[in-house]
Amino acid sequence: MQSYSNPEVLVSTEWVDLHRSDPNVVIAEVDVDTSAYSEGHIPGAVGWNWQTQLCDVVRRDIISQSDLERLMSNSGIGNTTTLILYGDNNNWFAAWAFWQLKMYSHKDVRIMNGGRKRWLAEGREVTRELPARTKSGYKVLKYDQMFRAFRRQVEDEMKSPQTALVDVRSGDEYSGTLLAPPGLPETCQRGGHIPGAKNIPWGLACNEDGTFKSPQELEAIYAGKGVTSDKSVIAYCRIGERSSHTWFVLKYLLGYPNVRNYDGSWTEWGNLVGAPVERGA
Amino acid sequence: MMRADDYRVVKQELAGLQVNVTSYKIGDSYHCHIDNIDPGATIARTEGLTREEAELAALARALERLKARHGNR
């Protein structure tokens, strides 16, 4: 059976259970629903809030280098620490954290396959105790935005046959029927999608238990829509977190060489005056 | 040792949408959260002394949020 292109970035719940007390392993839970962590989390895991700790809280941007260094230091993470990320919603925001950490060049960061859902479903130990971690002196060694696409780049590349735009939102958001996922606030003026984008909802990459589908299944899903490894791929969603999940799948599980996440996503594009928009399936 | 006991996921329709109703017990409390299957966003999260109490509260909260949704204008 074919394996993932970079199998080292994925660990099982069993692996985490066996290694969660290792001194060089730190676990961080990152949830969409920021109250989930306090219900009960993996013993020793720190909880990161994506709304306040994994972004710039003043301007719209990813976390700054100084804030990331502070977060990592306060979490007891050193430059050589093996960092395990997991979260709810099949690792939406764990992937968001992973994407940022790779741009900040953290060497050993991995995602727990199946996330919080699988850990709970398997009846593994949880706690409400907050971990006490010794501060480290974390320093970002390199910052590279190679995994990030900005609006101007999308505008420049959207018509190129060498570029594959992937809209990972639901079919109703893609078609313009909905402006945002049901139950979440609306944050754009127009519905639809970027012209030429293929709709491949992020959740297609996951099994029912929250784990990732096999390499063969993943390849069939993306290649079946013309999103192949020879293209420059740009994934987007509404605010960039679901697309970081797809970015992870394409870049690390399938090994596509050129994949970027357009984190401005639909909340940027759908609010732009004069931006081209397509509607319909 | 605490863990999630009686973990259960039930699919059902709510306000015209397919949702997952997930419930389990941690310690003395039952927890319930509801997410829409496509695209998978959490809509409500509640706690109760029984599964029924947690689920009913979550369903009510989710229904309230879903009723407030808007389509394209």
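Per-residue shielding of A:114-127, expressed as the average number of other chain Cβ atoms within 10 Å of the residue Cβ, stands at 4. Of the trypsin sites (Lys or Arg not before Pro) found in the stretch A:224-281, the ones in coil according to DSSP and having at most 15 other Cβ atoms within 10 Å of their Cβ are A:LYS225, A:ARG279.
Counted by neighbouring Cβ atoms within 10 Å, the residues B:MET2, A:MET112, A:MET103 run from fewest to most as B:MET2, A:MET103, A:MET112. Just report the Cα centroid separation between the stretch A:213-268 and the stretch A:120-183, whole Å. Using only Cα atoms to place each centre, the spacing works out to 10 Å.
Computed with the Debye formula from one identical point scatterer per Cα of the protein assembly as shown, without solvent, the log10 of I(q)/I(0) at q = 0.14 Å⁻¹ comes to -1.21. Enumerate the helices in chain A for which the Kyte-Doolittle hydropathy averages -0.5 or more and the C-alpha atoms extend at least 15 Å along the helix's axis, using complete DSSP H runs. Answer set is A:88-103.
Can you give me the Cα centroid spacing of the stretch A:23-52 and the stretch A:1-22 in angstrom? Distance between centres, Cα-based: 18 Å. Mean projection of the alpha-carbon convex hull of the stretch A:7-121 over all orientations, in nm²? Convex hull of Cα atoms, orientation-averaged projection: 6.8 nm². For chain A, averaging the sequence separation of C-alpha pairs within contact (under 8 Å, six or more residues apart) and dividing by the residue count gives a relative contact order of 21 percent.
Given in Å, the Rg to one decimal and the Dmax to the nearest whole number for the Cα atoms of the stretch A:55-125 are 13.3, 40. Computed from the C-beta positions of A:VAL277 and A:LYS225 and an R0 of 25 Å, the FRET efficiency is 0.80 to the nearest 0.05. Loop-resident trypsin sites (Lys or Arg not before Pro) (DSSP state other than H, G, I, E or B) in the stretch A:1-104 with no more than 15 further Cβ atoms inside 10 Å of their Cβ: A:ARG59, A:ARG60.
On a 0 to 90 degree scale, rounded to 10, what angle separates helix B:51-67 from the longest Cα axis of chain B? Roughly 20 degrees, rounded to the nearest 10. Exceedance of the 22 Å cut-off in Cα-Cα distance is limited, within the set A:LYS142/A:LYS198; A:LYS225/A:LYS251; A:LYS213/A:LYS251; A:LYS117/A:LYS213; A:LYS107/A:LYS213; A:LYS225/B:LYS11, to A:LYS142/A:LYS198; A:LYS107/A:LYS213; A:LYS225/B:LYS11. Can you pull out the chymotrypsin sites (Phe, Trp or Tyr not before Pro) in the stretch A:114-196 that DSSP calls coil and that have at most 15 other Cβ atoms within 10 Å? Within the stretch A:114-196, the qualifying chymotrypsin sites (Phe, Trp or Tyr not before Pro) (loop, at most 15 other Cβ atoms within 10 Å) are A:TYR143, A:PHE150.
Extending 7 Å from Cα along the Cβ direction at A:THR177 and again at A:ARG151 yields two label points whose distance is 2.8 nm. Spherically averaged projected area of the convex hull of Cα atoms, the stretch B:5-70: 4.0 nm². Taken residue by residue and averaged, Cβ atoms of other chains lying within 10 Å of the Cβ of A:32-40 number 4. Annotation: aspartates and glutamates with alpha-carbon distance below 15 angstrom to A:LYS135 (same-chain offsets under eight excluded): A:ASP67, A:GLU69. Return P(r) of the stretch A:151-269 (all Cα-Cα pairs; 10 Å bins starting at 0; whole %; ordered from short to long distances). Taking every Cα pair in the stretch A:151-269, the percentages come to 14, 49, 31, 6. Relative to the Cα centre, the charge distribution of the protein assembly as shown, modelled as +1 at Lys and Arg Cβ and -1 at Asp and Glu Cβ, gives a dipole magnitude of about 840 debye.
Rule-based calculations on the coordinates, nothing more; no lab input. As the structure is a prediction and not an experimental result, all values here were calculated from the model. Using ideal geometry, Cβ is built from the backbone for each residue, glycine included, and neighbour counts are taken over all protein chains shown.
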